[in-house]
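Have a look at the structure below before the remarks.
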Amino acid sequence: MARTRTLPTADELRVWRDYIETAEALRAAISARLQSDSALSPGDYAVLLALSEAEGHRMRSSDLAARIHWERSRLSHHLGRMEKRGLIAREECVTDSRGAEVVLAPAGESAFHGATVPHLRAVRELFVDALTPQQVAAAGELVAALRAHLAQPADRGTE
């Protein structure tokens, strides 16, 4: 039986660290551009994007949290700040009186639409333009492989 390596090699760790540091630098640069171009945080944009794509521009809080991969308590605090700014509203759920729905407010829709073109321009300038078409395709394959691996049951590789 072949012995499997339990720790990454030095080269694998270098690639991992480069990947993490570059992803963080890219995220920070795009976030800074979003903030300066639109006064929206990346969290604001994630919420507004999800609501803009939702049927009726509304979602239950729990569904919204799952959609943007946030914990419900984090989302609740963030929604409170967005509500004070008039970007969203919280209304009673029409199908379940125990729950509430987050609704895209007109000001939120306007802010989202105003931020979208500058945000997509920043993605193009900071990510897409740095790569060849082949590298963009390879990056797509890389993230697809990582997502598929992460979607496997947690007990993978323990046999």
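The values are calculated or read from the model by the stated rules, or taken from the named source; none is laboratory data. All values reported here derive from a predicted model rather than from experimental measurement. No Cβ is skipped: glycine too gets one built from the backbone with ideal geometry, and neighbour counts run over all protein chains shown.
Entry remark, the range 87-128: residues being closer than 21 Å to ASP63 by Cα and not in a helix (DSSP H, G or I) number 19 in total. In this structure, GLY80 does not qualify as of a type outside the set (Lys, Arg) and in contact (Cβ under 8 Å) with a residue 60 or more places away in the chain.
Is it the case that ALA115 is at pLDDT below 95 and of a type in the set (Gly, Ala, Ser)? Spelling it out, it is not the case that ALA115 is at pLDDT below 95 and of a type in the set (Gly, Ala, Ser). Please pick out the residue among ALA151, ALA130 that is free of Cβ contacts under 8 Å to residues at least 12 places away in the same chain and loosely packed, with under 10 Cβ neighbours inside 10 Å. Matching residue, one of ALA151, ALA130: ALA151.
Picking from residues in the range 28-56 that are surrounded by 18 or more Cβ atoms within 10 Å (Cβ to Cβ) and among the hydroxyl-bearing types (Ser, Thr, Tyr), the one that is nearest to VAL117 (Cα to Cα) is SER38.
Does at least one position in the range 9-30 carry a residue that is over 15 Å from the mean Cα position of the chain (by Cα), within 30 Å of ARG124 (Cβ to Cβ), modelled with pLDDT of 95 or more and polar (S, T, N, Q)? Yes, because at least one residue in the range 9-30 is over 15 Å from the mean Cα position of the chain (by Cα), within 30 Å of ARG124 (Cβ to Cβ), modelled with pLDDT of 95 or more and polar (S, T, N, Q).
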